[in-house]
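Working notes for the structure below.
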Amino acid sequence: MHTHCLSCGRALRSAASQARGRGRHCAAKLRAAAKAADLRDYKAHQLEAARELIEDAAIIPIRGRRIYRAVSSDGTELYTTARQACTCPAGRAGRDCYHRAAVAILTAA
Ligand SMILES: [Zn+2]
Ligand SMILES: [Zn+2]
């Protein structure tokens, strides 16, 4: 449950918005961004994981709109993610990870 929108910080009133972590407007903007973002470097399963990460509010901005904190899939670790880098094992190995795909979507919104 979220009391404030993860995108714009406004208070969330409806139960659906609180569960989603975003107001209707910001959720719609994010859906549009998922289509508009340059995601050619990512595979379909990574994009699916990225969308889930965003929907679960498991990736949230920690510094402006450039640096994000992502929760690992088993929920035990936190990664710091930007458009071009991520502290997860794949990211540290220099590979494209779905955390970065999520940031690409979020920053395109
Ligand atoms: Zn919002
Ligand atoms: Zn990563």
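The values are calculated or read from the model by the stated rules, or taken from the named source; none is laboratory data. All figures in this text were calculated on a predicted structure; none of them were measured in a lab. Virtual Cβ from ideal backbone geometry, glycine too; neighbours counted across all protein chains shown. These area figures cover heavy atoms from the full protein model, side chains too; ligands, DNA and RNA do not enter into them. Shrake-Rupley method; radii C 1.70, N 1.55, O 1.52, S 1.80 Å.
Ordered by residue, what ³J(HN,Hα) values in Hz, to whole numbers, does region 15-30 give under the Karplus form 6.51 cos²θ - 1.76 cosθ + 1.60, where θ = phi - 60° and Gly and Pro are x?
4, 5, 5, 5, 5, 7, x, 8, x, 4, 4, 5, 5, 5, 4, 5
Using a Förster radius of 30 Å, what is the FRET efficiency between ALA32 and ILE67 based on their Cβ-Cβ separation? Nearest 0.05, please. Show your work: numbers first, answer last.
Values: r = 23 Å, r/R0 = 0.76.
It comes out at approximately 0.85.
Mind listing which trypsin sites (Lys or Arg not before Pro) in region 1-77 are in a DSSP loop and have 10 or fewer other Cβ atoms within 10 Å?
Values: sites: ARG10, ARG13, ARG20, ARG22, ARG24, LYS29, ARG31, LYS35, ARG40, LYS43, ARG51, ARG63, ARG65, ARG66, ARG69; in loops: ARG10, ARG13, ARG22, ARG40, LYS43, ARG65, ARG66.
Those that pass, being in a loop and sparsely packed, are ARG13, ARG40.
Taking Cα atoms of region 6-66, Rg/Rh with Kirkwood Rh, to two decimals? Provide the component values of the computation, followed by the final result.
Values: Rg = 12.3 Å, Rh = 12.6 Å.
Result: Rg/Rh = 0.98.
Compute the accessible area per residue over region 39-108, keeping the other protein chains in place, probe 1.4 Å, unit Å².
Per residue, region 39-108 has an accessible area of 58 Å².
Hey, what do the phi angles of region 91-101 turn into as Karplus ³J(HN,Hα) couplings, whole Hz, using 6.51/-1.76/1.60 and θ = phi - 60°, x for Gly and Pro?
Residue by residue, region 91-101 yields x, 5, 7, x, 8, 6, 10, 6, 4, 5, 4 Hz.
Which three extents, in whole angstrom, do the alpha-carbon atoms of the chain cover along their principal axes, largest first?
Per principal axis, max minus min of the Cα coordinates gives 42, 30, 24 Å.
Using helices alone, I'd like the mean residue ellipticity at 222 nm for the chain: each DSSP H run of four-plus residues gives -39500 (n - 2.57), total over residue count, nearest 500.
Numbers: 5 runs with 46 residues, N = 109.
Helix contribution divided over all residues of the chain: -12000 deg cm²/dmol.
HIS4's amide H: which non-local residues (gap 5+, or another chain) put their own amide H closer than 5 Å, with H modeled 1.01 Å from N in plane and none for Pro or chain starts?
Those lying under 5 Å, H to H, from HIS4 are LEU12.
In whole percent, what relative contact order does region 39-108 give with Cα contacts below 8 Å and a gap of six or more residues?
On the way: 94 pairs, mean separation 22.6, N = 70.
That works out to 32 percent.
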